[in-house]
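To keep things clear, I will list the structure first and then write my remarks on it.
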Amino acid sequence: MWPDTNVMYSEKDKNKNLYRKRTYYTLAIEQDVLAKDKEEAEKLLNECGINHSELDEKITEQKGGVETYIVDANYQDAEKIMYLGKVVYDKQNDEIVITDEVTE
């Protein structure tokens, strides 16, 4: 049986060996959302995350004959939703701002 690979080879590669290395990376994604309350924020944030259709070999370095065989991402863990602030009108500066005062 022949190994499944994206490495291109020809007659000049005769007697070379094919190697594969699997490397695990930690990827962190922080997303913010404006919502009326924590429950709505949780619903909206749970519908987002990694766009797996964009997760492909384009995120890898491929040079010197190295070709990417697989790119995969799996859910591991998530922190609790964190309150960052509230959108309010600042009368003193006549502008809309986000205050970090705790109002929840």
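The values are calculated or read from the model by the stated rules, or taken from the named source; none is laboratory data. Source: prediction; values computed, not measured. Don't worry about glycine lacking a Cβ; one is built from the backbone with ideal geometry, like all the others, and counts go over all protein chains shown.
Summary of values
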read-out	value
Hits in segment 45-65 - residues which are over 16 Å from Leu84 (Cβ atoms) and either among the hydroxyl-bearing types (Ser, Thr, Tyr) or assigned to a helix (DSSP H, G or I) (or both)	Asn46, His52, Ser53, Glu54, Glu57, Lys58, Ile59, Thr60
Top-ranked residue in segment 63-104 [being of a type in the set (Val, Ile, Thr), under 30 Å from Val7 (Cβ atoms) and under 21 Å from the mean Cα position of the chain (by Cα); ranked as surrounded by the fewest Cβ atoms within 10 Å (Cβ to Cβ)]	Ile70
Gln31 vs. criteria in a loop (DSSP other than H, G, I, E, B), on the phi < 0 side of the Ramachandran plot and either surrounded by 10 or more Cβ atoms within 10 Å (Cβ to Cβ) or free of Cβ contacts under 8 Å to residues at least 12 places away in the same chain (or both)	no
Cross-chain or 6+ apart pairs with Cβ under 8 Å, segment 1-28 first and under 18 Å from Thr68 (Cβ atoms), then modelled with pLDDT of 85 or more and not in a loop (DSSP other than H, G, I, E, B)	Asn6/Glu57
Only one of Tyr75, Tyr69 that is within 16 Å of Glu30 (Cβ to Cβ), hydroxyl-bearing (Ser, Thr, Tyr), out of contact with any Phe, Trp or Tyr (no Cβ under 8 Å at 6 or more places or on another chain) and outside any strand (DSSP E or B)	Tyr75
Pair list, Cβ < 8 Å and 6+ apart or interchain, from segment 44-55 residues that are within 23 Å of Ile70 (Cα to Cα) to residues that are charged (D, E, K, R) and outside any helix (DSSP H, G or I)	Leu55/Asp72
Residue in segment 34-44 that is at pLDDT below 90 and in a loop (DSSP other than H, G, I, E, B) present	no
